[in-house]
Amino acid sequence: MFKEIKASELKENTFDLIGKQWLLVTAEKEGKCNTMTASWGGLGVMWGKDVAFIVIRPQRYTKEFIDDSSTLSLSILPEGHKEEYGYLGRVSGRDENKIEKVGFSVAHDGETPYFEESKLVLICEKLFAQPYTPDAFLDKEIIEKWYPDEDFHTMYICEIKKVLVNE
């Protein structure tokens with residue numbers, strides 16, 4: 001059973017939450033849900049709002065869903081789901097129903113999909129989207145290391161509309 005809390009009530013270490021535990025970025029398009037695993041992003045305050053920022057590479061199928069929707073969810077699973085995170089990050093939803101394959105149940109907050117198996121869910125509304133460009137990098141070694149194919153991420157800044165904690 002999920003309980004809503006304020007973003008300011010989050011007690012999690014965001015470096016651990018995103019960088020080590022990982023999260024699922026999920027959106028819906030034309031009645032179909034897709035998700036991907038992410039370990040880059042952040043939480044903070046922008047424009048007087050509690051926000052999450054995520055980055056998605058252009059070739060990711062989930063990007064089409066995010067671009068088509070005004071909302072998305074960020075779901076964090078309880079410990080013990082690294083195999084599912086790995087699978088959902090490795091396999092494309094273009095090729096199969098990967099959500100069904102891992103046995104997750106999709107729930108909705110309004111039109112925004114998330115997973116019933118989550119321990120924490122951020123329901124987010126997109127505010128900003130901007131592709132990275134090579135000229136914006138001050139440290140060019142980042143391009144060499146992380147973008148050898150020049151498949152630069154798009155950054156999304158999203159207002160956190162709800163925080164749901166599974167009790």
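The values are calculated or read from the model by the stated rules, or taken from the named source; none is laboratory data. All of these numbers come straight from a predicted model, not from anything done at the bench. FYI the Cβ positions are ideal-geometry reconstructions off the backbone, even for glycines, and counts take in every protein chain you see. Remember, those area values only see protein heavy atoms, side chains included, never the ligands or the DNA or RNA. Shrake-Rupley method; radii C 1.70, N 1.55, O 1.52, S 1.80 Å.
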**OP:** Within segment 89-111, identify whether any single residue is closer than 16 Å to GLU159 by Cα and either aromatic (Phe, Trp, Tyr) or open to solvent by 80 Å² or more (accessible area, probe 1.4 Å) (or both), and answer yes or no.
**Re:** yes
Original post:
Does ASP109 meet the test of being over 15 Å from the mean Cα position of the chain (by Cα) and farther than 25 Å from GLY42 by Cβ?
Top reply: no
**OP:** Residue by residue through segment 50-60, note down the ones that are touching a residue at least 60 places away in the same chain (Cβ under 8 Å) and under 14 Å from the mean Cα position of the chain (by Cα).
**Re:** VAL51, ALA52, PHE53, ILE54, VAL55, ILE56, ARG57
**OP:** Identify all residues within segment 61-88 that are surrounded by 14 or more Cβ atoms within 10 Å (Cβ to Cβ), over 12 Å from the mean Cα position of the chain (by Cα) and free of Cβ contacts under 8 Å to residues at least 40 places away in the same chain; write none if there are none.
**Re:** TYR61, GLU64, HIS81, GLU84, TYR87
Original post:
Looking at (1) aromatic (Phe, Trp, Tyr); (2) without any contact (Cβ under 8 Å) to a residue 12 or more places away in the chain; (3) surrounded by 17 or more Cβ atoms within 10 Å (Cβ to Cβ), which is the one condition that is false for TRP146?
Top reply: (3)
